[in-house]
Structure formats: structure tokens, C-alpha cells
1. Using only atoms on other chains, find how many Cβ atoms lie within 10 Å of each Cβ of peptide B:15-26 and report the average.
2. Ignoring everything except DSSP H segments at least 4 long, calculate the 222 nm mean residue ellipticity for the protein assembly as shown; use -39,500 (n - 2.57) per segment, divide by total residues, nearest 500.
3. What is the magnitude of the charge dipole of chain C about its Cα centre, with +1 placed on the Cβ of each Lys and Arg, -1 on the Cβ of each Asp and Glu, and no other charges, expressed in debye to the nearest 20?
4. What longest range of chain A stays clear of loop-exposed GluC sites (Glu not before Pro) (DSSP non-H/G/I/E/B, at most 10 other C-beta within 10 angstrom)?
5. Taking the inverse of the average 1/r across all pairs of different Cα atoms in the range B:2-117, what Kirkwood radius in Å do you get?
6. Just going by the charge dipole of chain A, with Lys and Arg at +1 and Asp and Glu at -1 on Cβ, which of A:Ala191, A:Ile56, A:Leu4 is farthest out on the positive end?
7. For the pairs A:Lys112/A:Lys225; A:Lys39/A:Lys112; A:Lys119/A:Lys213, flag any whose C-alpha to C-alpha distance is greater than 29 Å.
8. How many partner chain Cβ atoms sit within 10 Å of a residue's Cβ in peptide C:104-114, on average, as a whole number?
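Derivation of every value follows stated rules applied to the coordinates shown; laboratory data play no part. Everything quoted here is computed from the prediction, not taken from an experiment. Virtual Cβ from ideal backbone geometry, glycine too; neighbours counted across all protein chains shown.
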Amino acid sequence: MELLISRFDPSRDENLREQPYEITERPDWSVLDALNHIKDDVDPTLTFRWSCRMEICGSCGMMINGEPRLACSTFLRDLQSPVRVAPLAHFPVIRDLVIEYDGFLDRLRTVKPWIIRAKESAALEGPQRQRPEQLEAFRQFSLCINCMLCYAACPVVAREPEFLGPAAIAIGRRYDLDSRDEGARMRRQDAFLPQGGVFSCTYANECSVVCPKNVDPAAAIQQEKLASVVEWARSLVLSRSED
Amino acid sequence: MTRWLHAIEPLVWPIFGAGFFAVAFVFPSFAAVVGLCDLAGCLPADALSFERAIGFATTPPGRLVLAGAIVLPLWNGAFHLRHTAMDLLGTGSDRFVGPVLYTVAALGSLAAAAAIWRL
Amino acid sequence: MVRAHPDAMRPLGPSRTRTSWPLRRDGWWWGHSRNRSYVLFGLASVAVLSEALVILAGVWSLGGGEVAWDRYVAVLRGPALRAFHLAALPVFVWYGGRFLRLFPKTQPPRIEIGFLPEAWRRRPPLALLARVTFAAWILGSALVLVLLGGWLP
């Protein structure tokens, strides 16, 4: 089987270039297994991220035949030679298949992905109770493994640098739906309503299609749009009455 | 200008969403009646007559339906086309595509209000 | 792969090393059936805008009296608008259908309104919501059809 792998050495290359590798694969190999074989036995300079090998850490996201996939759960038996492997789209590339994801972490921080309470209570005051049906309301959006495949699939991320992106909004929505959280208003005003917030999304639904954990970030974003409209209307009315 | 466009986004987006319902429930039937059915000759003789049309359009629910069938799809189309243009031509195209489309939608809405008022 | 926006996913702070221009898929909007469907969905809004303007023209001519209205109906029955409506019918069905298919999951899974009983705070199962939405669409459209077409007084 032939793999055409994207290479980029920042000290030498101007642009990405494609390098062919001919391998003899085992029938049960994933793309990640092939990459590890290449690094171990063929070309030790090949650089890529990986960790758990079981679709839970989110490290091995890359473009496989033009689709954002996790390399550990994409199997060579389902692909035809040549297999094109490239770094995750829409991200700056540091080296070979390794992308710079600080941009994602910055966007994630913008949505304040933690429980926000109006008044912090001490642990001794007892636990914050939550019924199973309240957990069920946000559970799906909490399954995100931060693999960033949705960013590589989103057509808006490709053209609008300010856009928060699917995972960040979905994680923000997860906290907005959490009954223990009281920071929804702040999140909407600071992160979701300004330019690059939820209204940049055009509901292409690509993010939900590529998500390996069925988080359905597109649903989260559309729900968040409605919630942001309510918040916007509320803030209009309130600011008028305050004046 | 794009700042203005973005500032009214929380107002336009729900109208865009409501526009989908207006399009889904009214437009196929309208296109079928004035297109396919009229061509096939299966419409009653007075289906598109002035009396019938004015009789419907001057009732309060008639005015409401007509307003909804014009204004909501206008904003739906303008909003949707604006974002499609950004997808195909880049976000920078919004500098003139957005204002043009929203002006068309706004003028159309005013014209619809005037047209329905003078019935 | 072609280039995406040069600042796509750019971090707020400086990079640790020189990075390459972010890439996106070649012919992203035409090469894949899903993306084609998405772009055609966007372009179909031209038909939506046009039809809204056609209806606006109808209301305007209605206000102009019987002669103006008859002139409008003659234009409606002319080749250009006849062809437009024949082509637009499947487009509108597809446009509305695609939206209604994507609509159920956009509803919030739970509304915390104190006076509502627990069962009413939850969104109905998505499959049920989809079936109800489509049934309402078919029934509603049929009603509009018979009312517009004059088969019902």
C-alpha cells in the first residue's frame, strides 16, 4: 500500500510537500499503525501526534483522503492505495502532521468552560445536587474529546479567523445547560454575541458529521443562537429601563 | 458597515428561521398552483380571478398571511444568500454583498407593508 | 489542498516556530456531495428571494385594480414565470424539507420553567418531533394548496 504523507520542515521548507511511502501493511492496521511503522522502520523524521490509540484522547486528528479523521480509528482495510495523509485543515502547521492548536485553546478559554456560580459556596455547605434528567440535558455536549476534527470540517473556520468554532461553542453550551452553572448570561454577552460568535455559523452541519463522539456541535450552536437572541432581547429591554 | 450588519444579526436570524417555515408551508403550494396546476388546466375557472384574490387579501388573516409570505422569505433569502456569498467569495465580500441584500429585503418589506395597507 | 484564510485558527500569542499557511480542501464546496448540497441550499435562496418579490408584485397589482391584476396574472402565465415556477417547485420542496429535517435538534433539550411539570420541560424524542414536523408540513401545505387553488371556497 502507498501512503502520500504531507511533510513540512519549518527550517527548510517553504510549503508543504507530499512524500510517498510504500509499506507492507497488516490487515488489522489503522492509519496510526502505518504511521508508527513508518517512523520506526522507514523514516524516523516523520512527526505526528498520537496517544491512546482508541479514539478517546483526540490527539491523532488529521486529513485522511481529504476527510478529517482520527488516525487510530481509520483502518487501512477500508481505504484504497494511495492514501493521502495531511495535517488537519484550517490550522497552521508546525511540522509534518503536527498542527498548532493554541488557537483552539484561546477560543476555548473565551467561553469560560467551567462552572460559574454567582456566589461561590464552600465545600462544607454540601454538594450541588443535580437530578439525572438535568444531567441528560447537557451530557451529549460533554463528550467532546477536543480532537478538533470539527474545526477542520467547518467552512466558516476556513474563512473567518474570529469564529469561535464548533467545539468551543458546544462546550460553552454544555456549561450553559448545566443546572449548576450560573454563568450563561456572561458567556453569551462576552463570547457568543460579539463578532465571531455563534451567528457566524451557517449550519453546514459538517462539524457534526465528522465528530467521532457524536457530540453534535451543530445542534449546540443552533440552540445557543436561540438562547443568545433571547439574551440580546433581554439586554435591550433592560438597558432601556435602566436608562 | 459590517459592524452594523453584525449588530442586527440577533434580530435577523430569528426572522430567517421563521422564513424557512413560511417558505416550506406556502411556496411549494403557490408554485404548484400558478405553475403546474395552471398549466395542467386543473384549476377552477375563477382560481386566479380578481374577485377571489381581493376577497382574500382584504381580510385581516389574508393581510397577515400575505405579509408573512413576503417579508419572512425576503429576509430568509437575503440572510442566506449573504452567508453563501461569504462562503464562496470570502468573508471580505460581506462589505458590499450584505448591505445590498439587506437593503433589498428592507425595501421589499416596506413595499409589502405599503401594498397590503393600500388594499 | 488549497489555502484557507492566512489567519485561520491563529493563536492570540506568537507561535513557537514558523508555521505554514493553513490549508483547506481543494474544491471544498464542489468535491463532496455534502458540501455541494450545502452550497446549493444557499444558492436556492435566490429562488426564495425571487418568489417573495413575485408575490409582492402580485399584492401591489391587486391594489392597482382589476386591470392591473389581470396584467399580472397574464405575466404569471407567461413563459418566463411559468418556467420559473415549474423549476422552483422541487427547489422549494427540497429547501423546506432540508430545513425541517435539521430543525428538531436545534430545539433546546430542556427548558427550566418552574411552573411546568417535569415532562413538559423536556424536548420530545427527536424521532417523534421529526415525524410531527413533517406531518404538519404535509398537512399544512395541502391546506394551503386547496385554499390557493380554489378547490375549497
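1. Average per residue, whole number: 6.
2. One gets -16500 deg cm²/dmol as the mean residue ellipticity at 222 nm.
3. 960
4. A:121-243
5. Over the range B:2-117, the inverse of the mean reciprocal pair distance is 15.9 Å.
6. Selected residue: A:Ala191.
7. Beyond 29 Å: A:Lys39/A:Lys112; A:Lys119/A:Lys213.
8. Mean shielding count: 5.
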